[in-house]
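Only one structure is covered here, and it is reproduced in the block below.
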Amino acid sequence: MDGVEVYKKQRKDGSLVWRKMVVSIDDVVRHDFELEFDVLEDLQGLECVPGLASELKYTEGFPYFDMALVKGISLSGIFRVRKKLAEMQKKGKLTDIREEVAPLGNGILNLGETRFLSRIAYCFEEIHEKEVVHRDIKPGNLFVCYGGNILVLDFGFASPLLDKPRTRIV
């Protein structure tokens, strides 16, 4: 979301968190940011949603909130690493590459990748059960923690389901 920054912050108690803060004077950005916080608050307790480490707060009129700091890499980061490894292997600079990090040569998913995709699907199933639609699914918004857990990030475009789906007979 334009007008919003995310950065690592050390709090007064010494703990590290991810801080997400509005840096725009645009009222629409502020409103959307507050809605994002409300959605995240509703999704707390789900394993695939970052834990909030603060309430919605304001500093000099700019809203912000803190999220638990987790270590890992985004899915887009994994794709960049895999591409670099493939390039190194192609140039002969890397001769021993594990199947888990090698790019897919034949388009067939290995067992580890199938499990990974099913974990991602489960994340969105949990979010949808809470009647929220993310609306910005992309590799940069999927975060793989070092322990293997997957987090869905950036709920800036998320929206609660206001109307239940209806079936219409024609």
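The values are calculated or read from the model by the stated rules, or taken from the named source; none is laboratory data. If you're wondering where the values come from, they're calculated on a predicted model, not measured in any experiment. For neighbour counting, all protein chains shown are included, and Cβ atoms are generated from backbone atoms with ideal geometry for every residue, glycine included. What goes into the accessible areas is simple: the full protein's heavy atoms, side chains included, and nothing from ligands, DNA or RNA. Shrake-Rupley method; radii C 1.70, N 1.55, O 1.52, S 1.80 Å.
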Between Met88 and Glu113, the two model label points (7 Å from Cα along the beta-carbon direction) sit apart by a distance in nm of 2.0
Of the accessible area of the range 1-96, computed with a 1.4 Å probe and all protein chains kept, carbon and sulfur make up a percent value of 51
1/(1 + (r/R0)^6) with r = Cβ-Cβ of Phe62 and Glu129, R0 = 41 Å, i.e. FRET efficiency to nearest 0.05, evaluates to 0.80
Under the 7 Å Cα-to-Cβ spin-label approximation, Asp136 and Asp2 lie apart by a distance in nanometres of 1.3
If the chain between Asp13 and Asp38 were fully extended at 0.36 nm per residue, the gain over the current Cα-Cα distance would be 6.5 nm
Taking a probe of 1.4 Å and leaving out DNA, RNA and ligands, the range 1-51 shows per residue an accessible area in Å² of 60
Pseudo-spin-label distance Phe157 to Asp27, built 7 Å along Cα→Cβ, given in nm, is 2.5
